[in-house]
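Trainee: Below is one structure. I have some questions about it.
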Amino acid sequence: MFPIMSAWTFAYTQVQPNIQVNYASIGSGAGIAQITAGTLNCGASDAPLSAAQYSALPAGSTLLTIPESSSAVVPAYNIPGIASTTHLNFTGNVLAEIFLGNITLWNDPAIVALNPHVSLPAQAITVVHRSDGSGTMYTFTNYLSDSNAVWKTKVGYATSVNWPTGIGCKGNEGVAGCIANNQYSIGPLEIAYQITNPGAINYGAVQNKAGNYILANLTNIAEAVNAGVKAGLPASNAHWTGFSIVNNIFNDSADAHIYPITTFTYLLVYQNLSASYAGTTQPQAIGTVNFISWVVNHGQSAGVKIGYPPLPASVVAIDNTALASVTYNGTPILSGS
Amino acid sequence: MALEAKARPRARLSGGDLFLRLLVAAAAVGVAALLVALGVELAYNSQLSLATYGFGFLTGTVWDPVHLVFGALPFIFGTLVTSALALLIGIPISLGVAIFLSEKAKERRALASSLGSLVELLAAVPSVIYGLWGLFVLAPFMKTYVETPLHAYLGFLPLFSTTPIGTDFLTAGVILAIMIIPTATAVSRDILNAVPNSQREAMYSLGATDWEVTRKAVLPYARSGIFGATILGLGRAVGETMAVTMVIGNAPVISASLLSEGYTLTSLIVNQFNETTSPLYASAMVEIGLVLFGLALIINLFARALIWRMTRGTKFRV
């Protein structure tokens, strides 16, 4: 989520020049660890906290999970000889088999069956994935777990998993680089990184429950978010462990054009702020809440250019309610609104 | 006069001298204490993992954060293999450069000093730059021009039996070799320069050629010093993080093939330490740090023992 956070921190300085927001792109796990330790005013993560992470939070604290943007993970590949206007079709099951190492050639019958009009080469597939823990991988492995029973028991889903095969590259940029440098490779990539690096990397369409092959774009990601929200969100101050849009929409056959590998990205902030959280001062608390409020209400257009669709109105309303409940030393910060 | 020289009384230290002596002693003790504290801290924070996995941690081959099964063997293997490769490739090269700089360039001082400076500049390049260069330049180059032919012609050997991908043990070994060359060269050159000229002159007087002088008079004299330079290089290779992470492929694989992707202890820490999602996972990561610490200590102690054996009975000490 680095591209959109850096767009927001930059845009916010135009709106509020005397407030400085620092964004450190250190990974979801580190973000969660640091908000637990109280060294950050606000944490950001692509994956909700696990049960163990919730139990590590300071006693008596309530952490708010605020979805502030959504993103998608696409199967990016590098196959010379296939035109950039041709997008391969994949299903969750075929992707799982590729990443399990069971499908090893590009012209495997399973892939050919999904792509009858494409001439696939008889080359070995090089699997690429993240080497570091990542919310993007959480979402992707979540989708693979839902799609394939063997993946679910053998590997499961988390920010870091024991990948059965393939090479690991550091960061989304690393994965994009590894795919670009290795012909006949495939890897899961956050869509923003493909949009900004169209070069040698192309990405494929994924089949949703309704049976349509969906090529991720702003519209179908936004529709997926809407469908996921319709199925129900946890309360802002509740535990979000195990929640994902992927799970909510996996069996949704009513919505014909939703992109199945979609995720929220979350901002994490304590509901009852005070100086006990590593010396948070009132101006810092006010600034944090104001920044999040701006991001949710006014900053959504900044992400559109780089592949992050705006939040649906229902989520904006939920977020605003959550933000109104944030207090500093007992006093609501957004008082009067 | 001779008697006076022998019986030198110990002066009583006072004031500034005493203060200086204490300050210096404190620094020395402090550094030693830091080493001990580091080890103790690592052991303390990995208690949970030590209790859960015991000795099986060192022999386990699976690293699964979801099912909480952790074994360090693939990473120990990766660290040892890449470091050994680095030494195999890097030490002969740095020895060659050191011999050239100290022996052959005596008549051309300017050439020697500028070449020496260039080699030392290699050490000034930050390791993450080596990593980026390795990922975008060296790995594709190795894959196309070195590994694919090796696999095509020598693929029957287990050493080259897996499909080349560029980010593997071999490329990591090459990058580490490049990184240890400056240090090893600088130390070796100084060692060779310290060989007394009398050794060389004696050999020349027996009618030896330049190369024979180097091989039979200079190198044996400098043997333990060069070995010390090798250990310095090994220490850097074992601890190198970013450059290796970018080019090793980050897959916990134990394979006889140099063309296989792999994983090292340092790469694992830099990739996953920030993303530990449970206390047991975090403890296992700290235990990996403890294993790395222990490995570095063992290598150093082993090297010291070897040097002691080599120089036993001779006057030369490292």
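The values are calculated or read from the model by the stated rules, or taken from the named source; none is laboratory data. Owing to the predicted nature of the structure, the values given are computational and were not obtained by experimental measurement. As a convention, Cβ positions derive from the backbone with ideal geometry for all residues, glycine included, and neighbour counts pool all protein chains shown.
Trainee: So, restricting to helices (runs of 4 or more DSSP H) that lie completely within segment A:47-131, which ones have at least 1 residues that are away from chain B (no Cβ under 14 Å) and surrounded by 15 or more Cβ atoms within 10 Å (Cβ to Cβ)? Steps first, answer last, please.
Mentor: Numbers: elements: A:51-55, A:92-100, A:109-114.
Result: A:92-100, A:109-114.
Trainee: Buried (at least 20 other Cβ atoms within 10 Å of the Cβ) and either among the aliphatic types (A, V, I, L, M) or touching a Cys at 6+ places or on another chain (Cβ under 7 Å) (or both), is that true of B:A98?
Mentor: Yes: the conditions hold for B:A98.
Trainee: Does segment B:51-72 hold any residues that are away from chain A (no Cβ under 14 Å), surrounded by fewer than 18 Cβ atoms within 10 Å (Cβ to Cβ) and not polar (S, T, N, Q), and which are they?
Mentor: Scanning segment B:51-72 gives B:A51, B:G54, B:F55, B:G56, B:L58.
Trainee: Restricting to segment B:39-57, and then to whatever is part of a helix (DSSP H, G or I) and free of Cβ contacts under 8 Å to residues at least 12 places away in the same chain, can you tell me which residue is nearest to B:F77 (Cα to Cα)? Let's see the steps before the verdict.
Mentor: Start the filter on segment B:39-57 by keeping residues that are part of a helix (DSSP H, G or I), which leaves B:39-45, B:47-53, B:56-57.
Pick out the ones that are also free of Cβ contacts under 8 Å to residues at least 12 places away in the same chain and you get B:40-41, B:44, B:51.
Details: B:V40: 25, B:E41: 25, B:Y44: 25, B:A51: 23 Å.
In this case the residue turns out to be B:A51.
Trainee: So, of the residues in segment B:286-312 that are at pLDDT 90 or above and in contact with a Ser or Thr (Cβ under 6 Å, 6 or more places away or on another chain), which turns out to be farthest from the other protein chains (Cβ to nearest Cβ)?
Mentor: B:L290
Trainee: Working only within segment A:146-162, note down all residues that are of a type in the set (G, A, S) and within 10 Å of another protein chain (Cβ to nearest Cβ). Lay out the reasoning, then the answer.
Mentor: The initial filter retains those residues of segment A:146-162 that are of a type in the set (G, A, S), namely A:147, A:149, A:156, A:158, A:160.
Of everything in segment A:146-162, those that are of a type in the set (G, A, S) and within 10 Å of another protein chain (Cβ to nearest Cβ) turn out to be A:G156, A:A158, A:S160.
Trainee: Can I ask one more? Quick one: which of B:S102, B:S83, B:S94 is hydroxyl-bearing (S, T, Y) and over 22 Å from the mean Cα position of the chain (by Cα)?
Mentor: On the way: B:S83 fails: over 22 Å from the mean Cα position of the chain (by Cα); B:S94 fails: over 22 Å from the mean Cα position of the chain (by Cα).
After applying the criteria, what remains is B:S102.
Trainee: Still on this model: Would it be correct to say that A:N142 is more than 10 Å from every other protein chain (Cβ to nearest Cβ), part of a loop (DSSP other than H, G, I, E, B) and touching a residue at least 12 places away in the same chain (Cβ under 8 Å)?
Mentor: Numbers: more than 10 Å from every other protein chain (Cβ to nearest Cβ): yes; part of a loop (DSSP other than H, G, I, E, B): no; touching a residue at least 12 places away in the same chain (Cβ under 8 Å): yes.
For A:N142, the condition - more than 10 Å from every other protein chain (Cβ to nearest Cβ), part of a loop (DSSP other than H, G, I, E, B) and touching a residue at least 12 places away in the same chain (Cβ under 8 Å) - is not met.
Trainee: Report every pair of residues separated by at least 6 positions or lying on different chains whose Cβ atoms are under 7 Å apart, first residue within segment B:266-291 and free of Cβ contacts under 8 Å to residues at least 40 places away in the same chain and closer than 18 Å to A:W163 by Cβ, second aromatic (F, W, Y) and surrounded by fewer than 24 Cβ atoms within 10 Å (Cβ to Cβ).
Mentor: Taking only residues 6 or more apart or on different chains, the pairs are B:M285/B:F273.
Trainee: Name every residue in segment B:91-116 that is touching a residue at least 24 places away in the same chain (Cβ under 8 Å) and acidic (D, E), in order of residue number.
Mentor: Scanning segment B:91-116 gives a single hit, B:E103.
To keep it simple, each residue is scored yes or no on (1) closer than 29 Å to B:Y53 by Cβ; (2) small (G, A, S); (3) touching a helix residue (DSSP H, G or I) at 6+ places or on another chain (Cβ under 9 Å).
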{"residue": "B:G225", "(1), (2), (3)": "no, yes, yes"}
{"residue": "B:I231", "(1), (2), (3)": "no, no, yes"}
{"residue": "B:A256", "(1), (2), (3)": "yes, yes, yes"}
{"residue": "B:T264", "(1), (2), (3)": "yes, no, yes"}
{"residue": "B:T276", "(1), (2), (3)": "yes, no, yes"}
{"residue": "B:A284", "(1), (2), (3)": "yes, yes, yes"}
{"residue": "B:V291", "(1), (2), (3)": "yes, no, yes"}
{"residue": "B:I298", "(1), (2), (3)": "yes, no, no"}
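Trainee: I need a count of the residues in segment A:225-235 that are assigned to a helix (DSSP H, G or I) and among the hydrophobic types (A, V, I, L, M, F, W, C).
Mentor: Taking segment A:225-235 first, the residues assigned to a helix (DSSP H, G or I) are A:225-230.
With the extra rule that they be among the hydrophobic types (A, V, I, L, M, F, W, C), the set shrinks to A:225, A:227, A:229.
Summing the residues that are assigned to a helix (DSSP H, G or I) and among the hydrophobic types (A, V, I, L, M, F, W, C) in segment A:225-235 gives 3.
Quick grid of which residues meet (1) in contact with a Lys or Arg (Cβ under 9 Å, 6 or more places away or on another chain); (2) within 14 Å of chain A (Cβ to nearest Cβ); (3) within 21 Å of B:I307 (Cα to Cα):
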residue: B:I178; (1), (2), (3): no, no, no
residue: B:A186; (1), (2), (3): no, no, yes
residue: B:P196; (1), (2), (3): no, no, yes
residue: B:A208; (1), (2), (3): yes, no, no
residue: B:I226; (1), (2), (3): no, no, yes
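Trainee: Report, ordered by the first and then the second residue, all pairs with beta carbons closer than 6 Å, sequence separation of six or more or different chains, a first member in segment B:187-202 that is more than 11 Å from B:G225 (Cβ to Cβ), and a second member that is small (G, A, S).
Mentor: As it stands, the answer is B:Q199/B:A217; B:R200/B:A217, since those pairs meet every condition given.
Trainee: Oh, and also: If a residue has to be without any contact (Cβ under 8 Å) to a residue 24 or more places away in the chain and under 21 Å from A:V15 (Cβ atoms) to count, how many in segment A:306-334 make the cut? Reasoning before the result, please.
Mentor: Step one: list which residues in segment A:306-334 are without any contact (Cβ under 8 Å) to a residue 24 or more places away in the chain, which gives A:313, A:316-317, A:324, A:331-332.
The next check asks that each one be under 21 Å from A:V15 (Cβ atoms); those that pass are A:316, A:324.
Summing the residues that are without any contact (Cβ under 8 Å) to a residue 24 or more places away in the chain and under 21 Å from A:V15 (Cβ atoms) in segment A:306-334 gives 2.
Trainee: Here's a follow-up. Given A:A24, A:A33, which one is surrounded by fewer than 23 Cβ atoms within 10 Å (Cβ to Cβ), within 12 Å of another protein chain (Cβ to nearest Cβ) and not in a loop (DSSP other than H, G, I, E, B)? Write out each step before concluding.
Mentor: Numbers: A:A24 fails: not in a loop (DSSP other than H, G, I, E, B).
Unique residue meeting the criteria: A:A33.
Trainee: Test A:G299 against the stated conditions and say whether it is buried (at least 22 other Cβ atoms within 10 Å of the Cβ) and closer than 30 Å to A:N148 by Cα. Even if it seems obvious, please write down each step before you answer.
Mentor: Numbers: buried (at least 22 other Cβ atoms within 10 Å of the Cβ): yes; closer than 30 Å to A:N148 by Cα: no.
In short, no.
Trainee: I've got another one for you. Looking at this structure, is B:T162 closer than 26 Å to B:V119 by Cα and surrounded by 19 or more Cβ atoms within 10 Å (Cβ to Cβ)? Can you show your working first?
Mentor: Numbers: closer than 26 Å to B:V119 by Cα: no; surrounded by 19 or more Cβ atoms within 10 Å (Cβ to Cβ): yes.
When the stated conditions are applied, B:T162 does not pass them.
Trainee: Looking at segment B:149-201, which of its residues are within 19 Å of B:S94 (Cβ to Cβ) and not in a helix (DSSP H, G or I)?
Mentor: B:A194, B:V195
Trainee: Turning to a different aspect of this structure: In segment B:238-269, which residues are within 8 Å of chain A (Cβ to nearest Cβ) and part of a helix (DSSP H, G or I)?
Mentor: B:T245, B:M246, B:S267
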